[in-house]
Amino acid sequence: MEFEQLQKIWIEKRNESFFVTSQDAIHAAIRRRQKSSQRIAGLSELVTIVVNLLSGGFILAWNIGGKQNNWLYFISAWMLGTAAYGIYHRSRRKELAPQNSATMRDHLTQALHSATHQVKLSRLMRLNIIPVAILTSLALWGSGNSTGLVIGAPVFFLACFYFSGWEHRSYVRRKKQLEVLQDALNA
């Protein structure tokens with residue numbers, strides 16, 4: 001972990017003890033984590049918005065153009081609603097973000113705020129796989145597609161759900177690291 005490494009910096013020029021923490025190095029590490037948290041949260045929100053908007057719009061246009069499968073209307077509405085939620089989530093995160101960032105603690109607070117919102121978004125998008133999988137399976141089953149496709153789609157969604165758990169846990173770990181760092185600075 002970066003913070004633990006920074007705690008053990010030995011500053012030879014100043015002849016300080018081995019376990020002296022360089023405040024400038026810690027502040028730089030916190031700034032990197034703050035920017036990383038904000039970048040990841042912003043990118044995740046944009047991907048959620050764009051993917052769901054394009055997918056929902058494509059499915060709607062494709063269904064109107066000839067398929068006329070009612071389940072596809074539900075999938076389209078769900079995805080467009082998810083895109084709308086992504087827009088709401090993004091504006092809410094920016095609105096509630098701490099504004100002043102002059103000190104190390106301020107930067108850490110901003111990083112923790114972004115990480116918290118990222119954990120919430122990743123949890124919701126992981127759970128979002130379930131209704132999309134159900135609606136897709138119903139649409140495939142109801143339109144007389146091949147058995148392989150009807151079975152393959154839910155298997156694909158199960159794999160997506162499994163791997164999104166890895167992603168979600170990485171965001172939770174990152175948030176916990178920031179909380180540990182905040183506790184260490186407040187101690």
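Derivation of every value follows stated rules applied to the coordinates shown; laboratory data play no part. Treat the numbers as computed from the prediction; the structure is a model and nothing was measured. So basically every Cβ, Gly included, is an ideal-geometry build from the backbone, and we count neighbours across all protein chains shown.
Summary of values
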quantity: Segments 149-162, 38-51 sorted - mean Cβ within 10 Å per residue, highest first; calculated: 38-51, 149-162
quantity: Dimensionless Rg/Rh of region 137-187 - Kirkwood Rh, Rg from C-alpha atoms; calculated: 1.45
quantity: Percent of Cα-Cα distances greater than 31 Å, calculated over the chain; calculated: 37 percent
quantity: Pairwise label distance in nanometres, Leu124 with Thr147, each label 7 Å out on the Cα-Cβ vector; calculated: 4.1 nm
quantity: Under-26-angstrom lysine pairs by C-alpha in the chain, whenever the two are 8 or more apart or on separate chains; calculated: 12
quantity: Cα-Cα P(r), region 39-135, percent of pairs per 5 Å interval; calculated: 2, 13, 20, 20, 14, 11, 8, 6, 4, 2, 1, 0
quantity: Stokes-Einstein diffusion coefficient of region 79-178, Kirkwood radius over Cα pairs, 4 °C, 1.567 mPa s, in µm²/s; calculated: 82 µm²/s
quantity: Euclidean distance of C-alpha centroids, region 118-187 and region 22-64, integer Å; calculated: 15 Å
quantity: Rg to Rh quotient for region 86-136, alpha carbon positions, Kirkwood Rh; calculated: 1.17
